[in-house]
1. If you line up the long axis of helix 154-163 against the longest principal axis of the chain, both from Cα atoms, how many degrees apart are they, to the nearest 10?
2. Tell me the Kirkwood radius of segment 66-222: reciprocal of the mean inverse pair distance over distinct alpha-carbon atoms, in Å.
3. Taking every DSSP beta bridge with both residues inside the chain, roughly what % is antiparallel (nearest 5)?
4. At a Förster radius of 60 Å, what calculated FRET efficiency corresponds to the Cβ-Cβ distance of residue 196 and residue 112, to the nearest 0.05?
5. What percent does the relative contact order of the chain come to when contacts are Cα pairs within less than 8 Å and at least six residues apart?
6. Of 251, 196, 21, which is farthest towards the positive pole of the chain's charge dipole, taken about the Cα centre with +1 and -1 on the beta-carbons of Lys, Arg and Asp, Glu respectively?
7. Can you tell me the orientation of helix 273-289 relative to the chain, as the angle in degrees between its alpha-carbon axis and the longest Cα principal axis, to the nearest 10?
8. Between residue 255 and residue 297, what length in nm is gained on full extension when 0.36 nm per residue of separation is reduced by their alpha carbon distance?
Amino acid sequence: MNQDKIILAYSGGLDTTYCAVYLSKIKNYEVHAVTINTGAFNEQEIIELEKKALLIGAASFKCIDVRKPYYDDCIKYLIFGNVLKNGTYPLSVSAERVIQAISIAEYAKKLNINKIAHGSTGAGNDQVRFDMIFHHIIPNAEIITPIRDKKLSREEEITFLKTNGVTYDFVKANYSVNKGIWGTSVGGKETLSSNQNLPEEAWPTKITQTDKKDITLTFTNGELISIDGKQFDHPSDTIQYLQNIAQPYGIGRDIHVGDTIIGIKGRVGFEAAAPLIIIKAHHLLEKHVLTKWQLYWKDQLAAWYGNWLHEGQMLDPVMRDIEAFFISTQKTVSGDVYVSLVPNRFILNGIKSSHDLMSGKFGSYGEMNNSWTGDDVKGFTKIFGNQTSIYHQVNDSIKNEPQPI
């Protein structure tokens, strides 16, 4: 008897382990497990994932390393846009999920399999992101979500696995951690309330560095290409290098509060030293080299871009249009940014760029001008405020007239 084939988005956690066993043993699918590595797994962990997937019933296992395309297709534009959702969160997980969903759908197309399963519950954003992107790329695909459809509790999943001979240790950790190159999220009982921060033991990276460290970040056309003169093969490697330097200072720890796609408020902790340093350093450089209106319109489009990405709409063609605008703005965003790392924070000391519009050649703010005269300013001020002046002259005279009863 030929088995129907199904692609399973597989992370090795409880939910996707349940899916692998349920789909293979109960539903009699030929399960092809695929893990999308956005920076969460090292080589040994991938080997262990494969062993486990095959042991619990998967017919095949594939790990796809997307760190470079993740940067090229997504992270780069989050940097160009200085995207921080609600001024806080660098979209660590939401951006990652979109790339994972796209990669899984493309893998299913490659294998010509039109059934895809994922382990999302019915209570979060990921179900929307995965379903929607699968529909975009494989419109006729059947999407199967056992955890969501059966409304399973964690205890029910564990009981099922034990009944089917899976002895994997599913002792519930106090905190759920999701790691990627653009930050690590942390969820726990504290993030389910509105009034508590995460305790020290919840953060995956402990504070081990206390001595001040000065570093130089070098950007070319908006992309971070080197740190302290050290070049890397790809910007994704540069991000990981900076993360290893800065995260032991406890930099980039915070809790994001935001609106979910499904309409409820949510909180999540995160540590993202490299993303926050890169975005803030990039933004400082932009403030020196871009014009007022370039900065203004970038802010407007970036907020919209970040929110639409968060909601899983990465494949909307308007995103390509905004990315084209971002790219155009980065032509002069080149130079060095000087940063100091200290425990729990970083300091942006300044920049050096041949494109710096703060050039002393034209004047020093509040000190001296070299390009205009006092009479120039008098004439400019009169014209610049002319319409507002007319408004007040017209309406102030009306105020003094008798008003009809």
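None of the figures in this text is laboratory data; all of them are computed from the coordinates on show. Every value quoted in this text rests on a predicted model; they were computed, and no experiment measured them. We place every Cβ from the backbone using ideal geometry, glycine too, and count neighbours over all the protein chains shown.
1. With both axes taken from Cα atoms, the answer is about 30 degrees.
2. Evaluated on segment 66-222, it is 19.0 Å.
3. That works out to approximately 70 percent antiparallel.
4. Efficiency, from the Cβ-Cβ distance: 0.75.
5. The value is 17 percent.
6. 21
7. Between helix and principal axis, roughly 30 degrees.
8. Separation in residues times 0.36 nm, less the Cα-Cα distance, equals 12.4 nm.
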